[in-house]
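Data block below; observations after.
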Amino acid sequence: MSASSIGTLNVVVIGAGTMGNGIAQTFASFGHAVQLVDVSQAALDRGMGAIRKSLDRFVKKEKLSQEQSDEIFGRIQTNTDLKAAAGTAELVVEAVFEQEEVKKDIFRVLDEVAPKDCILASNTSSISITRIAAVTSRPEKVIGMHFMNPVPLMKLVEIIRGECTDEATLERTVAISEALGKTVGVAGDYPGFIANRILMPMINEAAFSLFEGIATKEDIDTIMKLGMNHPMGPLTLADFIGLDVIVEILDVLYEGFGDPKFRCCPMLRRMVEAGKLGRKSGEGFYKYN
Ligand code: CAA
């Protein structure tokens, strides 16, 4: 992985969870100086642990040397003080959990402290970029940068243009994403954008098929994995993404479009209520060690 053709940037990534730590790792892998921000040092330590584990896998596969891996890791600083971190940022990528009010609070702070020409991106998977941008005094600089999990491996960045995002911000964000070795797809700012507007109904339909007893979970996954040449069946993918995330996104689609075709399968919701969140909780459609 070489230094990017757009120069090295001061990048602030907010949220050290799965998406945030993957985004931080990816920017650092391409030579950028990253500050990973979260509310607690414990969350940051967990995020840095995940980055180390992912880098170790690249070393084991001989895609990186130990020295390169250490250099990448060394480019990531951690910080619990968002105001201090964002003061010199050229790009901020917010990747906290999917709560609109939490995201808006963060963007209010960013508007106060980030340099005027800084791009303010959100990794939201379904919340309106236009509404997030509206709490700032510079909505033209706000954009969606939706990375896919696992971020270091997945080729796509879905870029979402809010109602007020200007052409310069869009062009710069596309260039930054491409310099990370990613391919960009641009979507308009409507619920679920493109990725989740199309992915979530497929997963929901797989859940309904199981709920209605049409096939076993294994058969549903086998049919879709081998029949459509998908890397994972939809129920395995649901466990990978997190069933709580899926229910949240389906609710955003249902409310945003007011269309019953996005109605969440009751079994999915009940599983979440029971704490069956997928891989991260040890059980979803399948059980994990
Ligand atoms: N870091 C580094 N390497 C990793 C990694 C990580 N985080 N995760 C997996 N790998 C590597 C493994 O080491 C392995 O390498 P080798 O093949 O060289 O040994 C390789 O990736 C394959 O991993 P596994 O054998 O563990 O499993 P797999 O073959 O099933 O691949 C996968 C894993 C890449 C995740 C693949 O299954 C896949 O592409 N699945 C679909 C993922 C997907 O659809 N993601 C989008 C989810 S939706 C989303 O993110 C957005 C949203 O808003 C909900």
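A short reminder: the numbers here are calculations on the coordinates, not readings from a lab. What you see is a predicted model, and the numbers here were worked out from it, not measured in a lab. So basically every Cβ, Gly included, is an ideal-geometry build from the backbone, and we count neighbours across all protein chains shown.
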Along principal axes, largest first, the alpha-carbon spread of the stretch 65-195 in whole Å comes out as 44, 33, 27
Quick one: which residues, 5 or more positions from Ile160 or on another chain, have an amide H under 5 Å from its amide H? H modelled 1.01 Å from N in the peptide plane, none for Pro or chain starts. Gly144, Met145, His146, Ala187
With a Förster radius of 22 Å, plug the Cβ-Cβ distance of Tyr286 and Arg46 into 1/(1 + (r/R0)^6) and report the FRET value to the nearest 0.05. 0.40
Name the residue farthest towards the positive end of the dipole of the chain from the options Gly284, Ile6, Asn79, assuming +1 on Cβ of Lys and Arg, -1 on Cβ of Asp and Glu, about the Cα centre. Gly284
Let's test this: bin the Cα-Cα distances of the stretch 195-239 at 10 Å from zero up to the farthest pair and state each bin's percent. 31, 60, 9
Spin-label pair Leu153/Glu212, simplified geometry with 7 Å Cα→Cβ offset, distance in nm: 3.2
Could you pull out every residue, at least 5 positions away or on a different chain, whose amide H is within less than 5 Å of the one on Gly278? Hs are placed 1.01 Å off N in the peptide plane, and Pro or chain starts have none. Leu243, Glu283, Gly284
In nm, the gap between the two label points placed 7 Å beyond Cα toward Cβ at Arg263 and Thr80 is 4.6
Difference of contour (0.36 nm per residue) and Cα-Cα distance, Val39 to Lys116: 25.3 nm
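Using the per-residue mean of other Cβ atoms lying within 10 Å as a proxy for protection, in what order, highest first, do the peptides 253-260, 173-180, 271-278 fall? Let's see the in-between values first.
On the way: 253-260: 13.4, 173-180: 19.2, 271-278: 17.4.
In decreasing order of mean packing, 253-260, 173-180, 271-278 become 173-180, 271-278, 253-260.
What does the convex hull of the alpha-carbon atoms of the stretch 214-289 project to on average, in nm²? Each step should come with its number before you reach the end.
Working: hull surface 22.4 nm².
For the Cα atoms of the stretch 214-289, the hull's average projected area reads 5.6 nm².
Cα convex hull of the stretch 1-77: mean projected area in nm², to one decimal? Display every interim value, and only then the final one.
Values: hull surface 18.4 nm².
About 4.6 nm², averaged over all directions.
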Calc'd 3J(HN,Hα), the stretch 273-284, phi into Karplus 6.51 cos²θ - 1.76 cosθ + 1.60 (θ = phi - 60°), Hz, glycine/Pro = x, comes to 4, 7, x, 8, 9, x, 3, 5, 9, x, 8, x
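Could you give the length gained on full extension between Arg108 and Thr183, defined as 0.36 nm per residue of separation minus the Cα-Cα distance, in nm?
So the chain would gain 24.0 nm between Arg108 and Thr183.
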Once you list every other residue whose beta carbon is under 14 Å from the beta carbon of Lys217, what net charge do they have if Lys and Arg are +1 and Asp and Glu are -1? -4
Just rank Tyr190, Tyr288, fewest to most, by other beta-carbon atoms within 10 angstrom. Tyr288, Tyr190
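Checking a compactness column here: for the stretch 37-79, what do you get for Rg(Cα) / (2.2 N^0.38 Å), N being the number of residues? Display every interim value, and only then the final one.
On the way: Rg = 11.3 Å, N = 43, 2.2 N^0.38 = 9.2 Å.
Normalised Rg, Cα atoms only: 1.23.
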Applying the Karplus parametrisation 6.51 cos²θ - 1.76 cosθ + 1.60 with θ = phi - 60° to the phi angles of the stretch 101-118, what ³J(HN,Hα) value in whole Hz is obtained for each residue in order, glycine and proline being reported as x? 5, 5, 5, 4, 4, 5, 5, 5, 5, 4, 4, 6, 10, 6, x, 4, 9, 6
Expressed as a whole number of Å, what is the distance separating the alpha-carbon centroids of the stretch 145-195 and the stretch 46-97? 20
Of all alpha-carbon pairs in the stretch 159-242, indicate the percentage at a distance above 23 angstrom. 42
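Report Rg(Cα)/(2.2 N^0.38 Å) for the stretch 149-289, keeping two decimals.
Working: Rg = 16.7 Å, N = 141, 2.2 N^0.38 = 14.4 Å.
After normalising by residue count via 2.2 N^0.38 Å, the value is 1.16.
Run the dipole for the chain about the Cα centre, Lys and Arg Cβ at +1, Asp and Glu Cβ at -1, nothing else charged, and hand back the magnitude in debye, nearest 20.
Details: 31 positive and 38 negative charges, 122 e Å.
The calculated dipole for the chain is roughly 580 debye.
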Averaged over all directions, how much area does the convex hull of the C-alpha atoms of the chain cover when projected, in nm²? 15.1
